[in-house]
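These notes concern the structure reproduced below.
Nothing in this text is a laboratory measurement; each read-out follows from the coordinates by a stated rule. Just so you know, these numbers come straight off a predicted model, no measurement behind them. Counting neighbours? That spans all protein chains shown, and the Cβs are built from the backbone with ideal geometry, glycine included.
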Amino acid sequence: MPYLSYKFDDLVPEQSIETKDTFTVSETQDVNVVLVQWSYIGGYQNPAWLTYKLIATSGGQSTGEIRVDGLFTSKSITIKFENVASGTYKMRIYNKGAGLAYGNGHIYYH
């Protein structure tokens with residue numbers, strides 16, 4: 001099962017970032033993202049409030065957002081984009097919180 005790794009630091013509130021690399025889904029399928037995320041406010045580690053969305057760059061169709069609220073550092077969480085159409089994608093991460101956001105993860109697909 002192929003995967004794409006990503007990492008981000010210092011994601012400013014009300015801003016987004018996209019993965020540098022793309023991945024290609026050859027047929028309609030679910031895409032899983034195993035991730036960790038956190039933020040810093042006032043020098044303290046806090047829960048992050050982020051949304052994740054797959055953006056079609058060639059063919060395919062962009063997905064809806066999945067919101068993940070929480071502090072996930074020592075234990076990851078998995079989110080699933082269901083029935084992703086064949087095409088090439090990047091993932092967009094948007095910071096809806098009040099502090100700088102940090103995180104990393106892996107995008108799994110067939």
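Which three extents, in angstrom, do the Cα atoms of the stretch 1-62 have along their principal axes, listed largest first?
45, 23, 17
Please arrange Tyr44, Tyr6 by counting, for each residue, the other beta carbons lying within 10 Å of its beta carbon, fewest first.
Numbers: Tyr44 8, Tyr6 19.
Ascending Cβ contact count within 10 Å gives the list Tyr44, Tyr6.
Quick one: Glu65, Glu18, Glu82, Glu27, fewest Cβ neighbours within 10 Å first, how do they rank? Walk me through the numbers before you get to the answer.
Values: Glu65 14, Glu18 17, Glu82 11, Glu27 8.
If I rank by nearby Cβ atoms, fewest first, I get Glu27, Glu82, Glu65, Glu18.
Roughly how big is the stretch 3-108's charge dipole about its Cα centre, with Cβ charges of +1 (Lys, Arg) and -1 (Asp, Glu), in debye to the nearest 20? Mind showing how you got there, number by number?
Values: 9 positive and 10 negative charges, 19 e Å.
In total the dipole reaches around 100 debye.
With only alpha-carbon atoms in the gyration tensor, what are the semi-axes of the equivalent ellipsoid for the chain, in Å, largest first? Walk me through the numbers on the way to the answer.
Values: eigenvalues 128, 35, 23 Å².
Here the semi-axes work out to 25, 13, 11 Å.
GNM on the chain, C-alpha springs below 10 Å: top fluctuator among Gly97, Gly43, Gly70?
Gly43
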